[in-house]
Amino acid sequence: MSILTLRSLSGISQNRRMNVFSREMKQRQKDWAAQLQDSQQYDYLRQEVGSRVADRAAGPTFHTEVVERFCLTDVSQQSLRRMRPSEIPTHCVLADEEFLPFKENTFDLVVSSLALHWINDLPGALRQIHQVLKPDGVFIGAMVGGETLYELRCSLQLAETEREGGFSPHISPYTAVTDLGNLLGQAGFNMLTVDIDDIQVHYPGIMEVMTDLQGMGESNCAWNRKSLLHRDTILAAAAIYKEMYGSEDGSIPATFEILYMIGWKPHESQAKPAKRGSATASFGDLSKTGRPSGTDQP
């Protein structure tokens, strides 16, 4: 079995590729975060999501004793250097998730954990993942969803509107769960599964939220981002955050919406839906199942 892992920490044709994020800026942010002396203390979200992805992969799809090749990719060289030792021989590949450097039909399993929400062309990236999978191969992924950090987003917007007469986007635009199934289907995957988890982390204040995001390498890298927040705006946002979302113990919550997805590359051996009209029982018959004989329907 060959496995590809895309690691990090959004109906577009190839001719109209979106350019929302600066990939060069994201690489610099991740390189900077990976070189922090205490960088491991910011891995809590990545580790939690990674364990939940592993739970989904550990069922019928993944057994370490049959793994022949394990490839780990990242856009950040410094992040790859931080890789922890593994029982499985691992080949690290410096690569942009938007341009996978692998041949068609290479991997049995592709796993992506928090690596897709900074990609400009998500439909194209999913098509590439589908292409590098072998027939009957499976893609298991997790990415940040559209409701992530809604507390921080709302607090900053209200504070900036009050103090500066308008607001700029400080939180990245994320993919909505309602779009994810369609994107996977358009990329060629079948037997799809999409579900959501909310992970809520409590912090002392807004500055700790923003510091941890920076330590994760998750600062905003959108081209239209505003590079500077005024001190008065930050203080106002901190007060709004505590007033609107603060807990009784004085902490504030930050919610991370995580979208999980599973999709299979088609193969003739996979189960297929029965032809329309081939059913041998009606819903009316099913409703009588388990009913004592001689009981009349009300």
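The values are calculated or read from the model by the stated rules, or taken from the named source; none is laboratory data. Here the structure is a predicted model, which means the values were calculated and not measured. Glycine gets a Cβ as well: all are built from the backbone with ideal geometry, and neighbour counts include every protein chain shown. In case anyone asks, the SASA skips ligands and DNA or RNA and just uses the protein heavy atoms, side chains included. Shrake-Rupley method; radii C 1.70, N 1.55, O 1.52, S 1.80 Å.
The residues of the range 196-249 expose, per residue, 59 Å² of accessible area to a 1.4 Å probe. Surface listing: 44, 174, 241 arranged by accessible area from highest to lowest gives 44, 174, 241, probe 1.4 Å. In the chain, the calculated helix contribution to ellipticity at 222 nm averages -10000 deg cm²/dmol per residue, counting -39,500 (n - 2.57) for every DSSP H run with n ≥ 4. The three principal axes of the Cα atoms in the range 98-177 give end-to-end lengths of 55, 19, 15 Å, sorted in falling order. Placing a label point 7 Å from the Cα of residue 69 along the Cα-to-Cβ direction, the residues of the range 101-128 whose backbone N falls under 13 Å of that point are 101-109.
Each residue of the range 247-255 is assigned a 3J(HN,Hα), and the resulting list reads 8, 5, 7, x, 7, 10, x, 10, 9 Hz, derived from the Karplus form 6.51 cos²θ - 1.76 cosθ + 1.60 (θ = phi - 60°), x at Gly and Pro. Here the label points at residue 86 and residue 224, each 7 Å from Cα along the C-beta direction, are separated by 3.8 nm in the simple model. Counting heavy atoms of the protein chains alone, residue 259 has an accessible area of about 0 Å² for a 1.4 Å probe. Stretched out straight at 0.36 nm per residue, the stretch from residue 281 to residue 77 would grow longer than its current Cα-Cα span by 67.6 nm. Largest first, the extents of the alpha carbon coordinates of the range 217-285 on the three principal axes equal 69, 35, 19 Å.
Surface composition of the range 146-266: carbon plus sulfur atoms contribute 53% of the solvent-accessible area (1.4 Å probe, protein chains only, all chains present). Ordered by 1.4 Å accessible area with all protein chains kept, 163, 231, 153 run largest first as 231, 163, 153. Counting only protein heavy atoms and using a 1.4 Å probe, the accessible area of residue 272 comes to about 140 Å².
For the chain, take the alpha-carbon Rg, divide it by the Kirkwood Rh, and send me Rg/Rh. Before the final figure, lay out each step's value.
Numbers: Rg = 22.8 Å, Rh = 21.5 Å.
Across the chain, the Cα-based Rg/Rh ratio is 1.06.
Between residue 51 and residue 239, the modelled label-to-label distance comes to 4.0 nm, taking each label 7 Å out from Cα in the direction of the beta carbon.
Quick check on the chain: of the DSSP beta bridges with both residues there, what percent are antiparallel, nearest 5%?
On the way: 20 of 42 bridges.
Counting only bridges with both partners in the chain, antiparallel ones make up about 50 percent.
Quick one: if the Förster radius is 25 Å, what FRET efficiency do residue 201 and residue 96 give, using the C-beta to C-beta distance and rounding to 0.05? It would help to have the intermediate numbers written out before the result.
Values: r = 29 Å, r/R0 = 1.15.
That gives a FRET efficiency of 0.30.
Give me the compactness ratio for the range 81-216, meaning the Cα radius of gyration over 2.2 N^0.38 Å. The range 81-216 yields a ratio of 1.29.
Taking label points 7 Å from Cα along the Cα-to-Cβ direction, residue 267 and residue 214 give a separation of 4.8 nm. At an R0 of 25 angstrom, the distance between the Cβ atoms of residue 131 and residue 179 translates into a FRET efficiency of 0.75. With θ taken as phi - 60° and the Karplus curve 6.51 cos²θ - 1.76 cosθ + 1.60 applied, the whole-hertz 3J(HN,Hα) list for the range 196-211 is 10, 10, 9, 10, 10, 10, 9, 10, x, x, 5, 5, 5, 4, 5, 5 Hz, x standing for glycine and proline.
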